[in-house]
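Q: Just passing along the structure, written as structure tokens.
The values are calculated or read from the model by the stated rules, or taken from the named source; none is laboratory data. Everything numeric in this text was worked out from a predicted model, so none of it was measured. Cβ sites come from the backbone with ideal geometry, for glycine too, and all protein chains shown count toward neighbours. Surface areas here come from the heavy atoms of the whole protein model, side chains and all, with no ligands, DNA or RNA. Shrake-Rupley method; radii C 1.70, N 1.55, O 1.52, S 1.80 Å.
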Amino acid sequence: MTSHFQLNQEPERITIQSGFLREDVGHSVYIDQLLYMVQVQGGRFSIDTTMLREGFHQLQIISFELPTGRPVAFTGWNFRIGQQDFRERDFQPGDILVASDNLDEIKTGYVGHSALVVDQENVIESPGLHPAIRKAPIHQFLTKHPVHGHFRPKASEDGKAAAEYAEGYLNEFKEKGQQAPVFSFNLSSSLDDPWEYIYCSKLIWLSYYYGADYKLENDFLWFSPEDLYNNLKENGDFQTVYQHPDVKFILNT
């Protein structure tokens, strides 16, 4: 529920209920930035999704005053057609999510991203923003990075220990304030130094190394999402929970 609409996604349509009490408000509906329909009467309407391709889509509604056309509200959502709904998966502490896609499409397959699940609803990640470490909803990661793999340690106690370390690391990171490490792929950074620099896959390496006394092997200078993905895919200590068919890393880093 947003401040203005309630959405209900069904197998072949999305039903939208307007929360506007005014009758002088219309709505322009866009899917993937293309105008889909204009609704000028009634507080309830639906969108036929049978013609949309599988994958993630963006729904936007611009509400406007009648008859002037003056915008009064803007709301947007991401939704998925087909494929596995993440709500059909279970998430456990220590699960690792590794994506080969990027919000910057030019970097897709070259950089990627990863995050550590700490409970059924949240990950801890180093997203390359400020602050360098944060807790975020799982669905946010999956919405931004649909092309990903989902891995789980076969020893659940290792996963719990790694998640506990990540929680503690995040708390200590917040306490350090300006002395906290910044996000960087600096090749001179020591992988086992928690407080020099930090990046997404290094955070996962640290959490397993110090939290679960488990060392994820690395082949070159920095422990990239590509290293993490290929390690987990061939690692007998982990199982694959979900694998998007388009996960692909172009460079061996």
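Q: Could you give the dipole magnitude of the chain about its Cα centre, charging the beta-carbon of Lys and Arg +1 and that of Asp and Glu -1, in debye to the nearest 20?
A: Computed charge dipole of the chain: roughly 660 debye.
Q: Around N171, with a cut-off of 14 angstrom between Cβ atoms, what is the net charge of the other residues, counting Lys and Arg +1 and Asp and Glu -1?
A: Surrounding charge for N171 is 0.
Q: Moving to a separate point now. Go through 133-142, 167-176, 91-100 and give me the packing order, highest mean Cβ count within 10 Å leading.
A: 91-100, 133-142, 167-176
Q: A follow-up question, please. Taking each pair of distinct Cα atoms in segment 94-223 once, what is the resulting Kirkwood hydrodynamic radius in Å?
A: Mean inverse Cα-Cα distance, inverted, gives 14.7 Å.
Q: Here is a follow-up. Can you show me the helix-derived [θ] at 222 nm for the chain, built from DSSP H runs with n ≥ 4 at -39,500 (n - 2.57) apiece and divided by the number of residues, rounded to the nearest 500.
A: Value at 222 nm, helices only: -5500 deg cm²/dmol.
Q: Measuring with a 1.4 Å probe in the full set of protein chains, what accessible area per residue, in whole Å², belongs to the chain?
A: Per residue, the chain has 53 Å² of solvent-accessible surface.
Q: Using the Cα centre as the reference, give the magnitude of the dipole from point charges on the C-beta atoms of segment 155-253 (Lys, Arg: +1; Asp, Glu: -1; all else neutral), rounded to the nearest 20 debye.
A: Dipole size: approximately 280 debye.
Q: Probe radius 1.4 Å, ligands and nucleic acids left out: which of D48, D246 has the largest accessible area, and how do the rest follow?
A: Largest accessible area first, the residues go D246, D48.
Q: With each label point set 7 Å from Cα along the Cα-Cβ vector, what nm distance links W195 and Q243?
A: That separation, rounded to one decimal, is 4.1 nm.
Q: Name the residue from F183, G128, V40 whose Cα lies farthest towards the positive end of the charge dipole of the chain, charges +1 on Cβ of Lys and Arg and -1 on Cβ of Asp and Glu.
A: V40
Q: Helix 156-176 sits at what angle to the longest principal axis of the chain, using alpha carbons and giving 0 to 90 degrees rounded to 10?
A: Approximately 80 degrees, to the nearest ten.
Q: Test of understanding: what is the full-extension gain from L52 to D32, defined as 0.36 nm times their sequence separation minus their Cα-Cα distance?
A: In short, 6.2 nm is gained.
Q: Choose one of L142, N218, Q92: the residue whose Cα lies farthest towards the positive end of the charge dipole of the chain (beta-carbon charges +1 Lys, Arg; -1 Asp, Glu; about the Cα centre).
A: Checked the options; the winner is L142.
Q: Net charge within 14 Å of F220 by Cβ-Cβ distance, Lys/Arg positive one each and Asp/Glu negative one each, not counting F220 itself?
A: With Lys, Arg at +1 and Asp, Glu at -1, the neighbours total -3.
Q: How much of the accessible area of the chain, probe 1.4 Å, is carbon plus sulfur, in whole percent?
A: C and S atoms contribute 48 percent here.
Q: Another question about this same structure. For segment 168-223, count all C-alpha to C-alpha pairs, find those more than 15 Å apart, and express that count as a whole percent of the total.
A: That fraction is 46 percent.
Q: Something else about it: What is the extension gain from Q178 to E12, computed as 0.36 nm multiplied by their sequence separation minus the C-alpha to C-alpha distance, in nm to one decimal?
A: Length gained, Q178 through E12: 54.8 nm.
Q: Which length gain, in nm to one decimal place, applies between K233 and D119 when the Cα-Cα distance is subtracted from 0.36 nm times their residue separation?
A: 38.8 nm
Q: Using a simple spin-label model with points 7 Å from Cα along the Cα→Cβ vector, what separation in nm is obtained for A136 and F185?
A: So the two model labels end up 1.7 nm from each other.
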